[in-house]
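Data first, discussion second: the structure below is written as structure tokens.
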Amino acid sequence: MPACGTLDDFSAALASRSVALVVQTVGQLEDEFDVEGMMAAERVHKERFAVLAQDALDGFNTGRQGLGSGIPRPLPLSAGACTLCTTCSCPDAPCRHPDRALVSMEAAGLMVSEACETAGLPYYHGPGTISYTSCILL
């Protein structure tokens with residue numbers, strides 16, 4: 001997502017979070033050149049994560065009255081570029097869904113391998129696999 005912000009923009013948001021829900025999708029590939037398998041695993045991951053992220057945001061918005069003002073909004077960070085819209089409006093126009101757009105973990109300044117290690121998840125699942133990792137910071 002070209003208009004996701006800078007590392008400085010994310011610095012305070014990351015520093016204010018103490019919990020991360022890290023999720024992965026691991027796909028099996030026919031061989032190391034199985035681009036279709038890679039794309040299928042990515043599609044499944046992004047579809048599932050978009051639902052999870054929206055559920056987290058909806059839950060926050062619904063229960064916000066009882067949470068108090070000190071609780072930050074969940075920050076969902078995805079794998080790769082945002083694919084919410086078929087055609088991205090950025091950079092020619094503002095994002096059509098800034099409240100639902102998904103920024104990648106890397107664009108926010110996170111190292112995916114370190115996030116996996118901290119969460120106790122493997123970053124590499126062995127030959128013939130591809131993994132996609134996302135998180136929701138609370």
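The values are calculated or read from the model by the stated rules, or taken from the named source; none is laboratory data. As the structure is a prediction and not an experimental result, all values here were calculated from the model. When we count neighbours, we look across all protein chains shown, and the Cβ atoms used for this are built from the backbone with ideal geometry, even at glycine. For the accessible areas, the whole protein counts, side chains as well, though only heavy atoms, and no ligand, DNA or RNA atoms are used. Shrake-Rupley method; radii C 1.70, N 1.55, O 1.52, S 1.80 Å.
Considering only residues that are closer than 24 Å to GLY120 by Cβ and of a type in the set (Asp, Glu), which ones fall in the stretch 22-58?
Hits for the stretch 22-58 are GLU42, ASP55.
Filtering the stretch 109-131 down to residues that are in contact with a Phe, Trp or Tyr (Cβ under 8 Å, 6 or more places away or on another chain) and in contact (Cβ under 8 Å) with a residue 12 or more places away in the chain, which residue is surrounded by the fewest Cβ atoms within 10 Å (Cβ to Cβ)? Talk me through it step by step, then tell me what you get.
Within the stretch 109-131, the first condition is being in contact with a Phe, Trp or Tyr (Cβ under 8 Å, 6 or more places away or on another chain), and the residues that meet it are 109, 112-113, 116-117, 131.
Filter again for in contact (Cβ under 8 Å) with a residue 12 or more places away in the chain, leaving 109, 112, 116, 131.
Values: GLY109: 15, VAL112: 20, CYS116: 18, SER131: 19.
Looking at the filtered set, the residue picked out is GLY109.
Please name all residue pairs, on different chains or six or more residues apart, with Cβ atoms under 6 Å, provided the first residue is in the stretch 44-61 and is in contact (Cβ under 8 Å) with a residue 24 or more places away in the chain and the second residue is open to solvent by 50 Å² or more (accessible area, probe 1.4 Å).
Correct list of pairs: LYS46/THR83.
Under the condition of being among the β-branched types (Val, Ile, Thr) and touching a residue at least 12 places away in the same chain (Cβ under 8 Å), which residue from the stretch 77-108 is surrounded by the fewest Cβ atoms within 10 Å (Cβ to Cβ)? Walk me through how you get there before you give the answer.
First, pick out the residues of the stretch 77-108 that are among the β-branched types (Val, Ile, Thr): 83, 86-87, 103.
Next, from what is left, pick out any that are touching a residue at least 12 places away in the same chain (Cβ under 8 Å): 83, 103.
Details: THR83: 16, VAL103: 19.
It comes out as THR83.
Looking only at the stretch 66-88, decide whether some residue is assigned to a loop (DSSP other than H, G, I, E, B) and modelled with pLDDT of 95 or more. Walk me through it before giving the result.
To start, the set of residues in the stretch 66-88 that are assigned to a loop (DSSP other than H, G, I, E, B) comprises 68-74, 79-88.
Going one step further and asking which of them are modelled with pLDDT of 95 or more, we end up with 79.
Yes, the stretch 66-88 contains at least one residue that is assigned to a loop (DSSP other than H, G, I, E, B) and modelled with pLDDT of 95 or more.
What number of residues within the stretch 9-62 are surrounded by 15 or more Cβ atoms within 10 Å (Cβ to Cβ), of a type in the set (Asp, Glu) and either modelled with pLDDT under 90 or not in a helix (DSSP H, G or I) (or both)?
The number of residues fulfilling the criteria is 1.
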